Amino acid sequence: MRFHDDVAIVTGAGRGIGAAIARQLFLEGCRIVVLDIDESSALACAQSIDPAGHRSLALSCDVSSKDTVARAFLRIAEKFDTVDILVNNAGITQDAMFHKMTLEQWQRVIDVNLTGTFLMTSAVVPLMREKKHGRIINISSTSAYGNVGQANYAATKAGMIGLTKTLAKELGRHNITVNVIEPGVIETGMLKTVPQSIKDGWLSMMPIARMGQPEDIANAVCFFASNESSFITGVELPVCGGFLIV
Ligand SMILES: NC(=O)c1ccc[n+]([C@@H]2O[C@H](COP(=O)([O-])OP(=O)(O)OC[C@H]3O[C@@H](n4cnc5c(N)ncnc54)[C@H](O)[C@@H]3O)[C@@H](O)[C@H]2O)c1
């Protein structure tokens, strides 16, 4: 076991990449908070990884809402004595070419992907500073480097990289590491609306020409969450089959 009862919060963990991260951290010895805006999927995920429910907590929470985040942390404090690991994974897309993008599309994606990361991180940092230990892992995207139709999403994912590096500089002296993973094309519900022709175009640009799986991201998260990476902070790790090689 890589972890010994560490408490890990994974946002957007009801399905997709977040569910795989929650499962793997749990199997490696963590106690897990499965947090998602969709209560039924959070419950189903927690139930599937920990049927007895002693070492997991399913929570319905919109990460973009200060009030629901505050309520979630009250519930976490009732169940668990500490927080060791935060994975800011919850994220959405609302794609449009920039000349057609509405303020609502811009704002909602900023609210969930970037402000949600801010609110969740703000809640754990005081606990981690007091404990003098913590691991924060942000899930960005290769789209941070620009992608047609994703001005809002790319801005949030690039913002997460800047936030990660700043937090790494501020929090290192408290023994808190902060790192960011950039998934490439990962086979989840998020890609369901993307036409196959576009996915084929992406695959043709990847040296490892297969769709990534949620477990590929979970493996990288477990490394950053574990003591194996205790001297690594402020790092960007693309997990994308070589998509970002220039
Ligand atoms: N799938 C990919 O190819 C890919 C590529 C790069 C980056 N990513 C990033 O990985 C993360 C997970 O993506 P995924 O593919 O698993 O997506 P997904 O859509 O399958 O799952 C996202 C989960 O987040 C939850 N969620 C949405 N809004 C929320 C909110 N306001 N508060 C709490 N939970 C919320 C959803 O209910 C869902 O369970 C996202 O941040 C995404 O941007 C995904």
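Could you check how many residues of the range 186-204 are under 25 Å from the mean Cα position of the chain (by Cα) and either assigned to a loop (DSSP other than H, G, I, E, B) or of a type in the set (S, T, N, Q) (or both)? Please lay out each step first, then the result.
The initial filter retains those residues of the range 186-204 that are under 25 Å from the mean Cα position of the chain (by Cα), namely 186-195, 198-199, 202-203.
From the residues that got through so far, the ones that are either assigned to a loop (DSSP other than H, G, I, E, B) or of a type in the set (S, T, N, Q) (or both) too are 187-188, 192-195.
Adding up the residues that qualify gives 6.
Six or more apart or on different chains, Cβ under 9 Å: which pairs go from a residue in the range 188-204 that's without any contact (Cβ under 8 Å) to a residue 60 or more places away in the chain and closer than 18 Å to A13 by Cα to one that's near the ligand (Cβ under 9 Å from one of its atoms) and not small (G, A, S)? Could you list them?
From residues that are without any contact (Cβ under 8 Å) to a residue 60 or more places away in the chain and closer than 18 Å to A13 by Cα, the pairs are L191/V185; L191/M211.
When the residues of the range 126-143 are narrowed to those that are within 16 Å of the chain's Cα centre (by Cα) and closer than 27 Å to N175 by Cβ, which ends up farthest from the ligand (Cβ to nearest atom)? Quick ask: steps written out before the conclusion?
Initially, the range 126-143 is screened for residues within 16 Å of the chain's Cα centre (by Cα), giving 134-143.
Restricting the remaining residues to those that are closer than 27 Å to N175 by Cβ gives 134-140.
Numbers: G134: 20, R135: 18, I136: 14, I137: 11, N138: 9, I139: 5, S140: 7 Å.
Top of the filtered list is G134.
Which count do you get for residues in the range 13-46 that are surrounded by fewer than 20 Cβ atoms within 10 Å (Cβ to Cβ) and either within 18 Å of Q213 (Cα to Cα) or within 15 Å of the ligand (Cβ to nearest atom) (or both)? First the steps, then the outcome.
Step one: list which residues in the range 13-46 are surrounded by fewer than 20 Cβ atoms within 10 Å (Cβ to Cβ), which gives 15, 27-29, 38-40, 43-44.
Remaining after also requiring either within 18 Å of Q213 (Cα to Cα) or within 15 Å of the ligand (Cβ to nearest atom) (or both): 15, 27, 38-40, 43-44.
Number of matching residues: 7.
Collect the residues in the range 186-204 that are aliphatic (A, V, I, L, M) and either on the phi > 0 side of the Ramachandran plot or more than 10 Å from the ligand (Cβ to nearest atom) (or both), keeping them in residue-number order. Can you show your working first?
As a first pass, look at the range 186-204 and keep what is aliphatic (A, V, I, L, M): 186, 190-191, 194, 198, 203.
Hits for the range 186-204 are I198, L203.
Give all pairs with beta carbons closer than 7 Å in which a residue from the range 63-87 that is closer than 17 Å to A13 by Cα and modelled with pLDDT of 95 or more meets a residue that is within 12 Å of the ligand (Cβ to nearest atom) and acidic (D, E); count only pairs at least 6 apart in sequence or on separate chains.
Partner pairs satisfying both residue conditions: S64/D111; T68/D62.
Condition first: in contact (Cβ under 8 Å) with a residue 60 or more places away in the chain, within 18 Å of I85 (Cα to Cα) and not β-branched (V, I, T). Now tell me which residues in the range 230-246 satisfy that.
Passing the criteria: G234, E236.
The values are calculated or read from the model by the stated rules, or taken from the named source; none is laboratory data. Owing to the predicted nature of the structure, the values given are computational and were not obtained by experimental measurement. So basically every Cβ, Gly included, is an ideal-geometry build from the backbone, and we count neighbours across all protein chains shown.
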